[in-house]
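The values are calculated or read from the model by the stated rules, or taken from the named source; none is laboratory data. Only a predicted model underlies this, so the values are computations on that prediction, with no experimental measurement involved. Because the Cβ atoms are built from the backbone with ideal geometry, glycine has one as well, and the counts that use them run over all protein chains shown. Heads up: the accessible areas ignore ligands, DNA and RNA and are worked out on the full protein's heavy atoms, side chains in. Shrake-Rupley method; radii C 1.70, N 1.55, O 1.52, S 1.80 Å.
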Amino acid sequence: MIFRKMKLHNFRQFKGDTEISFSTDKSKNVTVIIGNNGAGKTTLLQAFNWCLYGQVKLEHPEELITKEIISKIGIGEKERVEVSLEFEHLNKIYTCRSFIDYIRNSNGNIQKLDEDRIFTISDSETGETRKTTQNAIREIFPSDLSTYFLFDGERMQDLVDNQRIGKKDLSNAVKNLLGLDVLENAKYHLSKAKKEFETEFVSDSSSRLSQINEELKLIDERIEEESLNKEKYENELIELEKKQSKVNEILKSNAGLKELQNKRIEYAKMMERIESDIERKKTDIFKTFGTASVSYFLGSTFDILREKIKKSDLSDKAIEGINANAINHILKSGECICGCNLNNNPTAIAKLEKLRSYLPPESYSILLKGLEVNMNHAIDNNSKYYENFNRMYDEYNNLINQKDIYTNKINDNEKLIADVGDRDLSKYNDEYIQLRNLIASKNQAIGSCKNQIDVLKQTQRNREDERSRITVSSNINDAVQFKVDICEKLINEMTTRLNKKEKEVKNDLQDKTSELLSKMLNSDKTIFIEDDYNFNVADEYKTTTLSEGEKIVTSFAFVGSIISIAKEFISKEKNDSLGISDDDRFTLVMDAPFAKLDLSHRQNVTSLIPTLTDQIILFSADSQWDGVVEDALKGRIGLMYNIDKNGTTSSISLVEREVQ
């Protein structure tokens, strides 16, 4: 099938009517739709899914119409969301219209009516048009296989960027391409039937047999419950890992900003410490200045005083600690402090009077002596004070210089942050840690389920062995055994057939992907897909680690190979009544993640895109389009469009641009 055109009416941000035609030219088989991130490329890609299958893989999938349009609907009025697709298949034109009406009732509430789909088919030769069913569309473009013709950028990246998601996607591709899911379902139902038949066995010990059958039934229920829980946890784990990958991508893309923000914190702490040290140093300087500055500033007078004291007649006969008042008191009392009576002792009185002559106010020699001692002590201290004060002042100036340096660093850092755009990354760090813990919890839950299943299966085998021992031979049991054996044989045959076909298509996928990857990388590369769908890429020497760009190239190679196999399968398995011919053509709709490809890879991949299938509808970011990608597709582009915002409104429109 080849898409001819798409019409949208009020579909999400595409307000009003939007129409886009797709190139059906076999030589110019590429239609390019260019828009910035968030412009609406993913919405357009999902419009295909919604129109054909009623599925929307977007955030808030229920919001197909904008709140702005809803708010303008009057009482009794209605607005419609509609997407129609017109495509060509084997000289017939098919049209699929999907729409929903929104009506505001008399109570002022919005009522959403049921989705509706209308399918028509027109014969280009006879001009006859008639209605058809969705089954006819599904036969041409099966929903299980459509996922391999409608690729969004995130899924392409997940193919190789997230092994868990990539493994599941590749596994589903192989099983869906061959219809192996039908065999899986058949195996499941045959296993259920086998277990039901086994409950029909009879025994001499009928009560114990009934008890064992009841236990086995409960064990089956528990195994199924644990298996469903395991599958549920694995799906939740995939979603958690996808979220973690997105958060990690944000953190990686903002690594420069994160470093600048860390410097902001580091500089702020350093500035706080410096300012605290400055305040402490100022306090120390003022304290030192207050206690010793008087002595220091009097230091110039000390030299003068010392010269004068040297010229003075300083007697050292005075007794330190005794003053004239004390001697006068002794003489007046007539009794020495030692108890000696002075009245009859003129010699002692004369000595005391002589001693008093050396003391103020008769003599100041002892005061000058004390002043000399204090001045000498002050002079020694002044030298230390000067050194200490100069040291503290130098330290203070160094702190002021450090403050100036960090002030400049902070200002420069803030300018760099402003240039890249400041944003709060702490929430992403917190979210990453939270997701990491949730992932660990899910892995633990999956492991617990696996252990429970292993224990239950061992118990199941034990009960089945016991049942075999107590089951007696009889016509009834022989008939039951026959039915059980038939089921077992069918299950084994289906398992063998399933494994064989799965291995065949896996090898085919491996070979096709290796061939395409080698072309895209211009070097011999081999993809090895293991039984569990882990895969490795090797060159002629050894397994190699892929760069980010090579991962995306590998994803392109997988997409091209899956499409090739899907085309072969659809052409082979379609009903002969549809009239398969060489005109059976296929489309690939792809949001291509060119950004992570270097220039050489970008050129190689882009030049091969038109060869992947008969029609390519390619979405690209504006920044990724200009240059190498545009040049590589010259001569293969039939139509080009820009997704533009309509002025300051939130609506979006498509504008056709000239193909160079």
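Please tell me if ASP508 is among the acidic types (Asp, Glu), more than 30 Å from GLU196 (Cα to Cα) and open to solvent by less than 50 Å² (accessible area, probe 1.4 Å).
yes
Search the stretch 532-557 for residues being modelled with pLDDT of 75 or more and closer than 19 Å to LYS506 by Cα, and hand back the single one that is most open to solvent (accessible area, probe 1.4 Å).
ASN536
Table: residues versus (1) surrounded by 14 or more Cβ atoms within 10 Å (Cβ to Cβ); (2) more than 22 Å from ASN642 (Cα to Cα).
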| site | (1), (2) |
| --- | --- |
| ILE2 | yes, no |
| GLU19 | no, no |
| PHE22 | yes, no |
| VAL30 | yes, no |
| GLY54 | no, yes |
| PRO61 | no, yes |
| GLU79 | yes, yes |
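Could you check the stretch 328-353 and list, in sequence order, the residues that are acidic (Asp, Glu) and either touching a His at 6+ places or on another chain (Cβ under 9 Å) or open to solvent by 90 Å² or more (accessible area, probe 1.4 Å) (or both)?
GLU335
Can you find a residue in the stretch 603-620 that is modelled with pLDDT under 80 and open to solvent by less than 50 Å² (accessible area, probe 1.4 Å)?
No, every residue in the stretch 603-620 fails to be modelled with pLDDT under 80 and open to solvent by less than 50 Å² (accessible area, probe 1.4 Å).
Could you list, in sequence order, all residues of the stretch 99-131 that are open to solvent by less than 50 Å² (accessible area, probe 1.4 Å), farther than 30 Å from THR66 by Cα and of a type in the set (Asp, Glu)?
Across the stretch 99-131, the qualifying residue is only ASP123.
Pairs please, first residue from the stretch 261-273 and closer than 23 Å to VAL420 by Cα and open to solvent by less than 50 Å² (accessible area, probe 1.4 Å), second anywhere and aliphatic (A, V, I, L, M) and not in a helix (DSSP H, G or I), Cβ atoms under 7 Å, 6+ apart in sequence or on different chains.
Pairs that qualify, where the first residue is closer than 23 Å to VAL420 by Cα and open to solvent by less than 50 Å² (accessible area, probe 1.4 Å) and the partner is aliphatic (A, V, I, L, M) and not in a helix (DSSP H, G or I), are GLN261/LEU425.
Surrounded by 15 or more Cβ atoms within 10 Å (Cβ to Cβ), under 30 Å from SER448 (Cβ atoms) and of a type in the set (Asp, Glu), is that true of GLU225?
So GLU225 does not fit the description; no.
Search the stretch 247-260 for residues being without any contact (Cβ under 8 Å) to a residue 60 or more places away in the chain, farther than 30 Å from ASN401 by Cα and not small (Gly, Ala, Ser), and hand back the single one that is least open to solvent (accessible area, probe 1.4 Å).
GLU249
Strands (runs of 3 or more DSSP E) wholly in the stretch 1-86 with at least 1 residues that are assigned by TED's automatic domain parsing to the domain that holds THR133 and on the phi > 0 side of the Ramachandran plot - which ones?
Strands (runs of 3 or more DSSP E) meeting the threshold: 2-11, 14-21.
Could you please find all residues in the stretch 274-302 being more than 16 Å from PHE389 (Cα to Cα), modelled with pLDDT under 80 and open to solvent by less than 50 Å² (accessible area, probe 1.4 Å)?
Selection gives PHE302 alone.
Which residue out of LEU113, LEU90, LEU85 is hydrophobic (A, V, I, L, M, F, W, C) and under 23 Å from ILE643 (Cβ atoms)?
The match here is LEU85.
So if I check each of ASP422, ASP485, which one is among the charged types (D, E, K, R) and free of Cβ contacts under 8 Å to residues at least 60 places away in the same chain?
ASP485
Have a look at ASN451, ASN437, ASN443 and point out the one that is over 19 Å from the mean Cα position of the chain (by Cα) and not small (Gly, Ala, Ser).
Every option except ASN451 fails the conditions.
Those residues that are of a type outside the set (Lys, Arg), in contact (Cβ under 8 Å) with a residue 24 or more places away in the chain and part of a strand (DSSP E or B), I need them from the stretch 100-122; list them, please.
ILE100, TYR102, ILE103, ILE110, PHE119, THR120, ILE121, SER122, listed by residue number.
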